[in-house]
Amino acid sequence: MQNSLTQFLIEQQRSEQLIEPELRLLVELVARACKRIGHVISKGALGDVLGSLESENVQGEVQKKLDVIANEIFLEANEWGGHLAALASEEMETIHPVPNRYPKGEYLILFDPIDGSSNVDVNLSVGTIFSVLKAPDDISGRDASEADFLQPGNRQVAAGYAIYGPQTQLVITLGRGVFGFTLDREMGSWRLTHPDMRVPTKTTEYAINASNARHWDEPVRQYIEDCLAGTDGGRESDFNMRWTASMVADVHRILTRGGVFLYPSDSRPSVTEGKLRLLYEANPMAMLIEQAGGGAITGDQRILDVQPIGLHQRVSVILGSADEVSRISKLYEAARIDL
Ligand code: P6P
């Protein structure tokens, strides 16, 4: 039988000295929260968890019932452990310091409780994304602040997602490779089913919302035009397209069989910086993709090198198979030279 998540983490702690006991606890509690979130999602209309609320989140997006439910589950499952100083979420405007009734620790966690939540109402895959940072050394003597979270993605100590699809899977990195676990619903345990996930360097599959084509910058327009032309143009093969409107599902497909995902900034006023959020969507996914041998850029730079200036800032995202990300990077470079 495949190793359990607990066995995997203990081995990582013992053999690799890779993770502190507190980080092992953190991942275990995140995994437990994701199991609970997946269970609530699976009830659908039977559990009165579908549909929207009257409220909007800090992004100005209508909140789904599940966004709020999953956010509460994640907070409750993680805040008591004594390993965290504070949490931050797509669904909360400001950071959530660990309540004084609990001990505080040296880690910070950022999360998107339900990524792609509009898919839940139509029974398509969604996920939970998380990113883990170390708090500054002086955190024990003070309350955490938003500034403590504004660290570039290259400072993440762990990242991952749960995907709630035909299977419920948990994909994590602790800084040395990417590992996928499948939830054994009968035993209630996560089993290591995808050790050492790698993104194939080459691909013939791209993921982009093509309805935005008229807004794209020239490098993206050129890249997609070449993919559409396939062997009738300069490409060595024809391409296929996928778009699931759930970043977790698209990234999981890319981690499993390769591909390139693009949600670039474009000329729409609301997307000039990009649509996806840097700290709890782009950074964790970029860490996973790079750890699996792929590339992750904004167009102008490596996503993990972006210095954050705000908790909910957005960023342009292009990630996946290294050869395609490199090709797109060169198109952006050529556009800069032509400026
Ligand atoms: P669009 C979901 O709302 C999300 O944040 C990502 O999961 C997904 O990749 C993207 O937005 C979909 O955006 O504009 O195609 O609906």
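When the residues of the stretch 62-96 are narrowed to those that are of a type in the set (S, T, N, Q) and at pLDDT 95 or above, which ends up most open to solvent (accessible area, probe 1.4 Å)? Residue satisfying both the conditions and the ranking: T94.
In this structure, E273 does not satisfy being away from the ligand (no atom under 12 Å from the Cβ) and either more than 23 Å from P152 (Cβ to Cβ) or crowded, with 20+ Cβ neighbours inside 10 Å (or both). Criterion applied to E56, E90, E79, E22 was being under 23 Å from A147 (Cα atoms), free of Cβ contacts under 8 Å to residues at least 24 places away in the same chain and in contact with a strand residue (DSSP E or B) (Cβ under 7 Å, 6 or more places away or on another chain), and the one residue passing it is E79. Filtering the stretch 228-252 to residues that are open to solvent by 50 Å² or more (accessible area, probe 1.4 Å) and either assigned by TED's automatic domain parsing to the domain that holds G180 or without any contact (Cβ under 8 Å) to a residue 12 or more places away in the chain (or both) leaves L228, T231, D232, G234, E236.
Suppose the filter is open to solvent by 30 Å² or more (accessible area, probe 1.4 Å) and assigned to a strand (DSSP E or B); does F179 pass it?
On the way: open to solvent by 30 Å² or more (accessible area, probe 1.4 Å): yes; assigned to a strand (DSSP E or B): yes.
In short, yes.
For L255, indicate whether it is within 10 Å of the ligand (Cβ to nearest atom) and either open to solvent by less than 70 Å² (accessible area, probe 1.4 Å) or in the same structural domain as L150 (by TED's automatic domain parsing) (or both). Give the derivation first.
Details: within 10 Å of the ligand (Cβ to nearest atom): no; either open to solvent by less than 70 Å² (accessible area, probe 1.4 Å) or in the same structural domain as L150 (by TED's automatic domain parsing) (or both): yes.
For L255, the condition - within 10 Å of the ligand (Cβ to nearest atom) and either open to solvent by less than 70 Å² (accessible area, probe 1.4 Å) or in the same structural domain as L150 (by TED's automatic domain parsing) (or both) - is not met.
Return the only residue of Y280, Y223, Y263 being more than 20 Å from Y332 (Cα to Cα) and not polar (S, T, N, Q). If you could, list the steps in order and put the result at the bottom.
Values: Y223 fails: more than 20 Å from Y332 (Cα to Cα); Y263 fails: more than 20 Å from Y332 (Cα to Cα).
When all the criteria are applied, what remains is Y280.
For every residue, the table says whether it meets (1) open to solvent by 30 Å² or more (accessible area, probe 1.4 Å); (2) under 21 Å from Y263 (Cβ atoms); (3) in contact (Cβ under 8 Å) with a residue 40 or more places away in the chain.
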position	(1), (2), (3)
G175	yes, no, yes
L183	no, no, yes
G188	no, no, yes
D196	yes, no, no
V199	no, yes, yes
Y206	no, yes, yes
R214	yes, yes, no
E218	yes, yes, yes
D226	yes, yes, no
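Let me confirm something: among P99, P166, P152, P113, which residue is open to solvent by less than 30 Å² (accessible area, probe 1.4 Å), under 30 Å from V49 (Cα atoms) and more than 14 Å from the ligand (Cβ to nearest atom)? First the steps, then the outcome.
Numbers: P166 fails: open to solvent by less than 30 Å² (accessible area, probe 1.4 Å); P152 fails: under 30 Å from V49 (Cα atoms); P113 fails: more than 14 Å from the ligand (Cβ to nearest atom).
Criteria check complete, one pass: P99.
Which one of these is more than 19 Å from the chain's Cα centre (by Cα), farther than 30 Å from S270 by Cα and surrounded by fewer than 16 Cβ atoms within 10 Å (Cβ to Cβ): Q17, Q12? Don't jump to the end; show me each part of the working.
Numbers: Q12 fails: surrounded by fewer than 16 Cβ atoms within 10 Å (Cβ to Cβ).
Unique residue meeting the criteria: Q17.
Against the definition (open to solvent by 10 Å² or more (accessible area, probe 1.4 Å), within 16 Å of the ligand (Cβ to nearest atom) and closer than 17 Å to Q156 by Cβ), how does T298 come out, yes or no?
Numbers: open to solvent by 10 Å² or more (accessible area, probe 1.4 Å): yes; within 16 Å of the ligand (Cβ to nearest atom): yes; closer than 17 Å to Q156 by Cβ: yes.
Spelling it out, T298 is indeed open to solvent by 10 Å² or more (accessible area, probe 1.4 Å), within 16 Å of the ligand (Cβ to nearest atom) and closer than 17 Å to Q156 by Cβ.
Just one residue in the set I289, I224 is in the same structural domain as D323 (by TED's automatic domain parsing), farther than 23 Å from V178 by Cβ and within 15 Å of the ligand (Cβ to nearest atom); that residue is I224. For the stretch 132-152, what are the residues that are in a strand (DSSP E or B) and either within 17 Å of T94 (Cβ to Cβ) or not assigned by TED's automatic domain parsing to the domain that holds L50 (or both)? If the condition is that a residue be in a strand (DSSP E or B) and either within 17 Å of T94 (Cβ to Cβ) or not assigned by TED's automatic domain parsing to the domain that holds L50 (or both), then L133 is the only one that fits.
The values are calculated or read from the model by the stated rules, or taken from the named source; none is laboratory data. Just so you know, these numbers come straight off a predicted model, no measurement behind them. When we count neighbours, we look across all protein chains shown, and the Cβ atoms used for this are built from the backbone with ideal geometry, even at glycine. We work out accessible area using only protein heavy atoms, side chains counted, and drop any ligands, DNA or RNA first. Shrake-Rupley method; radii C 1.70, N 1.55, O 1.52, S 1.80 Å.
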